[in-house]
Amino acid sequence: SDVYKRQVARDPDLSVYPDSTEVALTATPDPGWTFAGWSGGLTGTQNPDTLLMTSSTTVTATFSAESYALTRASTGMGSVLVSPNLASYSYGDTLILTAQPSAGWSFDSWTAGLSGTGNPDTLIIQSDTTVTALFLPTTYTVSVSAVGNGTVTKSPDSTSYALGDLSLIHI
């Protein structure tokens, strides 16, 4: 389980305060969290804020988790699958992204929020993130040879062809 260390600092930091002592309170959220406000002996959202000690009191700092968006994009023909597939994510969530090419296309690499060629790959959310999968047309080689007297040519003459390319072979 995750342990968060959201903190409230007191200045001065004493175990007992003399009457009419002003204490500055500063709430410090962990990454992915936002200070939402004070309750108890101090109210509002000012941070830092000052508390005038006139009696024993309890002050609570409330923090709320931030939510982040994941935007999936692709260049070429294909899609990006994500697990878990949610509308938003929290700081530190671990996602598995899978590039799924369309017929005749191959996954090449990740850009933006991920890099490299791992497929599937892992992404740890730390902010709003865009991830792009680059897909390239799958290419095929065509080798021709002649047995006996004669020649064989390809038109167009290329070392590789994409799915759906039309190549004529002349004998």
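The values are calculated or read from the model by the stated rules, or taken from the named source; none is laboratory data. Predicted, not measured: the structure shown is a model, and the values here were computed from it. With ideal geometry, Cβ positions are generated from the backbone for all residues, glycine too; neighbour counts draw on all protein chains shown. The area values use the complete protein model at the heavy-atom level, side chains included, leaving out ligands, DNA and RNA. Shrake-Rupley method; radii C 1.70, N 1.55, O 1.52, S 1.80 Å.
Data for the structure
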{"read-out": "Some residue of the range 53-66 being closer than 29 Å to TYR140 by Cα and touching a strand residue (DSSP E or B) at 6+ places or on another chain (Cβ under 8 Å)", "value": "no"}
{"read-out": "Inter-residue pairs, beta-carbon under 8 Å, first over 22 Å from SER127 (Cβ atoms) and of a type outside the set (S, T, N, Q) and in the range 59-72, second outside any strand (DSSP E or B) and open to solvent by less than 50 Å² (accessible area, probe 1.4 Å), 6+ apart", "value": "VAL59/GLY41; VAL59/LEU42"}
{"read-out": "Matching option when the condition is free of Cβ contacts under 8 Å to residues at least 12 places away in the same chain and either surrounded by 14 or more Cβ atoms within 10 Å (Cβ to Cβ) or outside any strand (DSSP E or B) (or both), among GLY118, GLY92", "value": "GLY118"}
{"read-out": "Tabulated pairs, the range 27-56, first closer than 18 Å to ASP13 by Cβ, second surrounded by 15 or more Cβ atoms within 10 Å (Cβ to Cβ) and of a type in the set (D, E, K, R), C-beta under 9 angstrom, 6+ apart or interchain", "value": "ALA27/ASP49; TRP38/ASP49; LEU42/ASP49"}
{"read-out": "Options GLN46, GLN7; residue that is closer than 30 Å to SER127 by Cα, open to solvent by 70 Å² or more (accessible area, probe 1.4 Å), out of contact with any Ser or Thr (no Cβ under 7 Å at 6 or more places or on another chain) and polar (S, T, N, Q)", "value": "GLN46"}
{"read-out": "Counted residues, the range 67-86 - those being hydrophobic (A, V, I, L, M, F, W, C), open to solvent by 60 Å² or more (accessible area, probe 1.4 Å) and either within 30 Å of PRO137 (Cβ to Cβ) or modelled with pLDDT under 95 (or both)", "value": "2"}
{"read-out": "Residue ID - nearest to GLU66 (Cα to Cα), chosen from residues in the range 10-35 that are of a type in the set (Asp, Glu) and surrounded by 11 or more Cβ atoms within 10 Å (Cβ to Cβ)", "value": "ASP30"}
{"read-out": "The range 45-72: number of residues that are of a type outside the set (Val, Ile, Thr) and closer than 15 Å to THR21 by Cα", "value": "6"}
{"read-out": "Subset of the range 137-155 (residues that are out of contact with any Phe, Trp or Tyr (no Cβ under 7 Å at 6 or more places or on another chain) and surrounded by 15 or more Cβ atoms within 10 Å (Cβ to Cβ))", "value": "LYS154"}
{"read-out": "All strands (runs of 3 or more DSSP E) inside the range 26-67 with 2 or more residues being farther than 28 Å from THR94 by Cβ and of a type outside the set (A, V, I, L, M, F, W, C)", "value": "33-40, 49-53"}
